[in-house]
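K.L.:
There's a structure below that I have some questions on.
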Amino acid sequence: MKVFITGASSGIGAALARSYAGRGDACVLVSRRLDVLDTLQQSLVSPDLHRCLVADVTDAAALAEVAKTTIDASGLPDIVIANAGISVGTSTEIASNLAAFRRVIETNLIATVATFGPFIAAMKAKPRAGGYRLVVIASVAGIRGLPGAGTYSASKAAVIAYAESLRIELRGSGIRVVIVAPGFIDTPMTVGNPYPMPFLMNVDRFADQAVRVIDAGRSFAVIPWQMGWLAWLLRVLPDRLLDAALAGRARKPMGDERR
């Protein structure tokens, strides 16, 4: 199979590339940093099987171009993973934080739409046995809003709602939409978080489990499973109890942007 991955240079994206390459799949690795992508490519099983393409995911025209390059060079990918994302501590009362809000929404939400868009019509026109997969890397932070992470929580909640809508729109088309919601995964995005991170998971272990979820075409999965129960509890917990439980939670420092 061929797998197209944005945000492939580090963290979850790089781990997904290692997992897919390890079983013999060809990866198209997309990121802003060619040098880091090249290093990753050379570390993968059968490096010549993979391709590195440079694009900033907030540039829709650049994403459309790398999609065209991918299709022209080797045909449609079987799996497209919108993984690129950023997190940053923000505060609504600080006017200068508005730029950070926009940047997170553009990277985590708008770029997901721009990643999938160039592939859908071509996938519909050329069905394949087993179908295609469009995969959203969401977050349990999209289940309930967390203090100090309003922009990140909002972006991931929006990504989940968008993917749910897209899943229904594509029903019967041979294209499955898969939402993977990571809990706390040991990546540069979580290093140094000033609050407890229950069930913190190794990134390669996460990637192996995510690949199985994607293969199965599941509509929604929280990884690790323990965080799924915690997310469910957060969802059903009355607001007054949730507010009391999280009011004193430490917050990510403002301006601490991580990918």
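K.L.:
State all residues of segment 134-147 that are surrounded by fewer than 21 Cβ atoms within 10 Å (Cβ to Cβ) and either closer than 14 Å to residue 77 by Cα or of a type in the set (Gly, Ala, Ser) (or both); if no residue qualifies, say none.
P.N.:
If the condition is that a residue be surrounded by fewer than 21 Cβ atoms within 10 Å (Cβ to Cβ) and either closer than 14 Å to residue 77 by Cα or of a type in the set (Gly, Ala, Ser) (or both), then 145 is the only one that fits.
K.L.:
Show the residue pairs that are 6+ apart or on different chains and have beta-carbon atoms under 6 Å apart, the first residue being within segment 187-209 and over 16 Å from residue 84 (Cα atoms) and touching a residue at least 12 places away in the same chain (Cβ under 8 Å), the second being assigned to a loop (DSSP other than H, G, I, E, B) and among the small types (Gly, Ala, Ser).
P.N.:
Filtered contacts from segment 187-209: 194/250; 195/250; 199/183.
K.L.:
For residue 125, only one of the following conditions fails: (1) farther than 19 Å from residue 110 by Cβ; (2) crowded, with 18+ Cβ neighbours inside 10 Å; (3) among the aliphatic types (A, V, I, L, M). What is its number?
P.N.:
(2) is the only condition that residue 125 fails.
K.L.:
Inspect segment 182-198 for any residue being more than 15 Å from residue 228 (Cβ to Cβ), of a type outside the set (Asp, Glu) and part of a strand (DSSP E or B) and give the result as yes or no.
P.N.:
Narrowing segment 182-198 to residues more than 15 Å from residue 228 (Cβ to Cβ): 186-197.
Subset that is of a type outside the set (Asp, Glu): 187-197.
Checking which are part of a strand (DSSP E or B) leaves us with none.
No, segment 182-198 contains no residue that is more than 15 Å from residue 228 (Cβ to Cβ), of a type outside the set (Asp, Glu) and part of a strand (DSSP E or B).
K.L.:
Might you let me know whether segment 163-182 holds any residue that is among the aliphatic types (A, V, I, L, M) and surrounded by fewer than 17 Cβ atoms within 10 Å (Cβ to Cβ)? First the steps, then the outcome.
P.N.:
Keep residues of segment 163-182 that are among the aliphatic types (A, V, I, L, M), which gives 163, 166, 168, 170, 175, 177-181.
Still in the list and also surrounded by fewer than 17 Cβ atoms within 10 Å (Cβ to Cβ): 168.
Yes, that holds for at least one residue.
K.L.:
Then there's this: Yes or no: segment 206-225 includes at least one residue that is at pLDDT below 95, within 18 Å of residue 144 (Cα to Cα) and either not in a strand (DSSP E or B) or not aromatic (Phe, Trp, Tyr) (or both).
P.N.:
Yes, some residue in segment 206-225 is at pLDDT below 95, within 18 Å of residue 144 (Cα to Cα) and either not in a strand (DSSP E or B) or not aromatic (Phe, Trp, Tyr) (or both).
K.L.:
So, in segment 122-155, exactly how many residues are at pLDDT 95 or above, basic (Lys, Arg) and within 18 Å of the chain's Cα centre (by Cα)?
P.N.:
Matching residues across segment 122-155 total 1.
K.L.:
Still on this structure, I have one more. So residue 197 clears everything in (1) closer than 18 Å to residue 139 by Cα; (2) modelled with pLDDT of 85 or more; (3) of a type in the set (A, V, I, L, M) except one condition, right? Which one?
P.N.:
Every listed condition holds for residue 197 apart from (2).
K.L.:
Quick one: would you say residue 97 is closer than 26 Å to residue 190 by Cβ, of a type outside the set (Phe, Trp, Tyr) and over 21 Å from the mean Cα position of the chain (by Cα)?
P.N.:
Yes.
K.L.:
Now, a different point. Restricting attention to segment 142-165, does a residue exist that is of a type outside the set (Val, Ile, Thr), assigned to a helix (DSSP H, G or I), over 30 Å from residue 91 (Cβ atoms) and in contact with a helix residue (DSSP H, G or I) (Cβ under 9 Å, 6 or more places away or on another chain)?
P.N.:
No, segment 142-165 has no match at all.
The values are calculated or read from the model by the stated rules, or taken from the named source; none is laboratory data. Nothing here was measured: the structure is a model prediction, and the numbers come from that model. Here the Cβ is made from the backbone with ideal geometry for all residues, glycine too, and neighbour counts use every protein chain on show.
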